[in-house]
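The values are calculated or read from the model by the stated rules, or taken from the named source; none is laboratory data. If you're wondering where the values come from, they're calculated on a predicted model, not measured in any experiment. Every residue, glycine among them, receives a Cβ derived from its backbone with ideal geometry; neighbour counts consider all protein chains shown.
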Amino acid sequence: MVEKQMLLQVLEEQSLRFADPRVSKEFSRWNKTMQYHFTDRDEYYVIRFVEGRVQQPLREQVPKPDIQYEMDSDTFLAITRKEITGLKAYQQKRVKLKASMPDMLKLQKIDKL
């Protein structure tokens, strides 16, 4: 299990990846709520996009997020550290993802950074 401080740092790093100029235009008109549920900690975090601008991650649970991830914190750390791709973790059933197909395709671009 990833320590809480490290988890918060990695969530911040993840949100910064959306602002990267190589992919930011893909998200420029997004008004979405992305929720992470870390099953080993039973904690929920949300990253919101407002007119394409990424907001700071917040610890909260929302009833109907546009995008919902469920995984343990170690898997999240491995994905963000590029030890495994999000797609591979999904195929191995280490990640559950609920999102529209267009949103999933956009999110795959983040894996390439």
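Contact map, segment 13-42: first residue within 17 Å of Gln56 (Cβ to Cβ) and touching a residue at least 12 places away in the same chain (Cβ under 8 Å), second residue aromatic (Phe, Trp, Tyr) and in a loop (DSSP other than H, G, I, E, B), Cβ cut-off under 6 Å, separation 6 or more or different chains; pairs are Phe27/Phe18.
Can you tell me which residue is farthest from Glu3 (Cα to Cα) among those in segment 82-103 that are modelled with pLDDT under 90 and surrounded by fewer than 17 Cβ atoms within 10 Å (Cβ to Cβ)?
To start, the set of residues in segment 82-103 that are modelled with pLDDT under 90 comprises 82, 85-87.
Pick out the ones that are also surrounded by fewer than 17 Cβ atoms within 10 Å (Cβ to Cβ) and you get 82, 85, 87.
Details: Lys82: 19, Thr85: 22, Leu87: 24 Å.
Checking each candidate, the answer is Leu87.
Any idea which of Lys25, Lys64 is basic (Lys, Arg), on the phi < 0 side of the Ramachandran plot, more than 14 Å from the chain's Cα centre (by Cα) and part of a helix (DSSP H, G or I)? Selected residue: Lys25, the only one of Lys25, Lys64 that is basic (Lys, Arg), on the phi < 0 side of the Ramachandran plot, more than 14 Å from the chain's Cα centre (by Cα) and part of a helix (DSSP H, G or I).
Of all the criteria given as (1) basic (Lys, Arg); (2) part of a loop (DSSP other than H, G, I, E, B); (3) within 15 Å of the chain's Cα centre (by Cα), the one not satisfied by Arg41 is (3). Ala78 fulfils the conditions (1) in contact (Cβ under 8 Å) with a residue 12 or more places away in the chain; (2) crowded, with 16+ Cβ neighbours inside 10 Å; (3) closer than 14 Å to Gln14 by Cβ except for a single criterion, (1). Residues of segment 78-113 that are more than 20 Å from Asp40 (Cα to Cα), of a type in the set (D, E, K, R) and assigned to a loop (DSSP other than H, G, I, E, B): Lys82, Lys112.
Evaluated against (1) of a type outside the set (Lys, Arg); (2) in contact (Cβ under 8 Å) with a residue 12 or more places away in the chain; (3) part of a helix (DSSP H, G or I), Gln5 falls short on exactly one condition, (2).
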